[in-house]
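These notes are about the structure you will find just below.
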Amino acid sequence: MASTEGLVPITRKFLASYYDKYPFPPLSDDVSRLCSEIRSIIPDLLKESPPSSESSLVDEAGCQPPRKVDENMWKNREQLEEILFLLEKSRWPRALQQPSTSDDSEIAIAFVSIHDKVQKTLKMLEAFQSKNSERVLNIVMTYLPQDFRATLILQQRERSERNKKAAVDALVSSGGTIREKYALLWQQQVDRRRQLAQLGSATGVYKTLVKYLVGVPEVLLDFVRQINDDDGPMEEQRHRYGPPLYSLTTMILLVRVFVLLSCRRFDAGLVKRHHITVLEQAVDVYSNEFIRFITFLRYCCFLDISLILFVLLVYCFRCRNNDDFKEISVAAGSSHEVLLSVESINSYIAWDFSLIQGKMSLDIGFSVEYINPSGQKTLILPYRRCESDQGNFCTVMTGDYKLVWDNSYSSFFKKVVRCKVDCIPPVVEPAESRSEVEG
């Protein structure tokens with residue numbers, strides 16, 4: 001079993017000592033200045049045309065941003081996409097689509113410039129989230145045991161993420177709004193959080209998994225169980241880096257309100273050239289500061305919380321005390337069986353074996369069968385004779401699965417088989433009601 005010597009509780013105090021090495025330089029004063037200017041302009045755009053559908057967005061801009069760092073990242077991404085939607089040329093005011101004055105032409109050029117800066121920032125944020133995930137996975141892959149079980153755990157995670165992406169694609173294809181899309185993306189992140197809590201307390205789907213991953217250090221289980229508590233380990237992260245991110249979240253939401261009202265009030269003559277100048281400055285400052293912020297996070301090893309689960313699973317996986325191949329001796333005229341009990345569908349059964357050869361080249365029969373609760377047998381892998389084999393399959397039924405090494409046809413020679421066999425439980429989203437999840 002892997003040694004746990006030197007492991008210490010991953011507490012808020014422990015993380016504080018780590019984050020002390022990475023102070024974030026304060027945001028530019030222009031962030032608060034421009035937010036104040038936009039707030040002072042919004043009433044002028046509203047007073048002669050009372051808000052209708054804009055009212056909820058204006059109210060939202062006056063509220064505190066979410067506390068969680070990753071939720072703010074998704075919130076910024078949502079607002080950037082909403083702004084790009086508003087700045088599509090087909091949605092411009094009529095006067096800007098075919099400008100007849102020099103002022104209108106300048107504003108049209110400004111809209112193009114704003115669109116390009118927002119698009120650049122969105123791409124940078126998407127790249128940040130993608131590269132962050134890729135970096136963690138590369139680290140994880142370095143430490144994974146190099147056998148079929150590592151492949152299966154990766155396959156399960158990839159399948160889970162593909163299902164999440166398919167759900168988002170289906171929503172968009174059915175006409176879902178940008179807001180609905182990001183609500184789903186955040187809910188998927190919350191589901192990952194629930195998985196962390198379940199792993200830490202060994203409940204839900206992880207009741208089986210923690211039983212499978214024996215030897216898990218208690219300090220790691222405590223960490224995942226408490227990670228998102230109000231005063232848990234990640235609170236230190238929010239304390240250090242939350243305030244500048246909160247300011248940027250508020251700023252981009254104000255920019256979105258400003259863009260929306262500018263488009264809707266332009267033909268009424270309420271939008272002036274100096275308003276657009278303020279908007280250009282705000283987008284420029286936001287883009288520069290937000291890119292600086294996520295660049296800082298990338299270089300201070302600020303890991304995506306959605307992947308902590310996978311990292312810990314890998315650690316636990318390496319703590320198992322049966323990582324080595326086992327040798328089994330199958331006497332002449334006999335067979336050897338391994339019976340695996342499967343409690344959850346979508347579990348993976350896997351094997352990897354080879355005969356230890358002497359002076360003669362020998363083979364052995366191998367087959368896999370399913371036994372239902374009434375004792376009826378179904379052949380999963382047909383009998384065949386071979387020197388070695390490696391394979392796996394995903395179960396579609398619970399019950400017992402029997403792997404058989406057959407040497408009954410041999411009258412003189414025993415066979416020594418070097419093998420690994422595993423039944424890996426599924427890592428899937430829990431089925432509990434979403435209403436039980438704390439945002």
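Each reported figure results from applying straightforward, stated rules to the coordinates on display, with no laboratory input. Nothing here was measured: the structure is a model prediction, and the numbers come from that model. Cβ sites come from the backbone with ideal geometry, for glycine too, and all protein chains shown count toward neighbours.
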* What list of ³J(HN,Hα) couplings, whole Hz, do you get for the stretch 19-25 from phi and the Karplus terms 6.51, -1.76, 1.60, once you set θ to phi - 60° and write x for glycine and proline? -> 6, 4, 6, 10, x, 8, x
* Compute the distance in nm between two label points, each set 7 Å from the Cα along the Cα-to-Cβ direction, one at L339 and one at K272. => 8.6
* Structure fact -> Taking 0.36 nm per residue of separation between E88 and R12 and subtracting their Cα-Cα distance, the length gained on full extension comes to 22.9 nm
* Zone of K402's modelled label, taken as backbone nitrogen in the stretch 328-366 under 11 Å from a point 7 Å along Cα→Cβ -> 336-340
* Asked: Once amide H atoms are built 1.01 Å from N in the peptide plane, which residues 5 or more positions from F393, or in another chain, come under 5 Å H to H?
  -> I349
* Structure fact -> Note, R385: beta-carbon cut-off 9 Å, +1 each Lys/Arg, -1 each Asp/Glu, net -2
